[in-house]
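Contents: one structure, followed by commentary.
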Amino acid sequence: MIRQLIPQFIRGFAMGAADIVPGVSGGTVALIFGIYTELLRSVKSGAHALGSLLKGDLNGFKEHFSEINWLFLVPLGLGVLTALAALSSLIEGALADYPEEMAGLFMGLVLASIVIAWGLLKAPNSQHIAIVAVVGVIVFLLLGFQNGPLSEPSLPVYFGAGAIAICAMILPGISGSFLLLMMGMYAAVLGAAHDRAIVELAVFAAGAAVGLGLFSSFLHRILDKHHDLLMAVLVGLMAGSMRVLWPWPNGVGIISEEETEAVSGTALDLPAGDEFLMPVVLAVLAFVFVVVVSKLGPQTVEETKLPEHAA
């Protein structure tokens, strides 16, 4: 039992570490570790159980609840939560002290995610290239209207951000933190995790639970019937959103120390002097690391076989 739980906790920690930075998604890490299929199945069972409970269908709730592979899900979830608690302070401090360098690091991670996501297309063609181009241009232009991170988001905003960001958990190729960054909520959620802001984190988690329940079946259906189309849209989304990660003039955007003034992360400028060197080096290192790990993962880690629960 312990020999199964500890590796699963480590996988969860790796997924949480990936989700806390706008780079490789938890879904992609699950693919690399060979647990994506079981993760999707467990999430679907949990969503169906929640849906049955909300409808007052106790028999349906018991049936779907019994289908959840708790030996798989619990240590995985604990690993994710541990990573979020352990790394949030480190990332928040680095964002404030080294905004351009961190933006370069994130940019390399997301560029690698674009390559990985495109590689997940089963039969790429010119239509998919056109979709990537159109979605990328639209997202790039729309982000020009973003004013930067939200300095004091309300609780309903935390709820909505959780509902949207959680979708990335079951979508390989895009991370929840990247969606938070696009919404201007990345710094706020990271700060809440660092400060142990229980109310904000609870509302965010509630939004995530509702979003997962509402969207998991829909996303699973789309992945099953329109896989390549969805992946092309995700690639375009990430490509256009690179505007947020351009390191200059002020990285991905931060909140001032007084937490009253947001610094925009969508302004575009050229580096002055040797300001380009470290962000570019970090971008290249991050890109190479993620691509190498993604290539090695499926060849070295077999599909996890954990016991099925009887319905």
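So here's what we get for this one:
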item	result
Share of pairwise Cα separations in segment 97-145, more than 14 Å, in percent	67
Residue 206-residue 227 FRET efficiency (beta carbon distance; Förster radius 30 Å; 0.05 resolution)	0.50
Order of 294, 175, 154 - criterion: other Cβ atoms within 10 Å of each residue's Cβ, fewest first	154, 294, 175
158, 36, 186 arranged by Cβ crowding within 10 Å, fewest neighbours leading	36, 158, 186
Cα→Cβ-extended label distance, 7 Å offset, between residue 74 and residue 275, nm	5.2
Linear extension gain, residue 54 paired with residue 218, 0.36 nm per residue minus alpha-carbon span	57.3 nm
Taking 196, 243, 11, 41 and counting other C-beta atoms within 10 Å, the order from fewest to most	196, 41, 243, 11
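Every number in this text was worked out from the coordinates using simple rules, so none of it is lab data. This one's a predicted model, so the numbers in the text were calculated from it and none came from an experiment. Note that we place each Cβ from the backbone using ideal geometry, even for glycine, and neighbour counts take in every protein chain shown.
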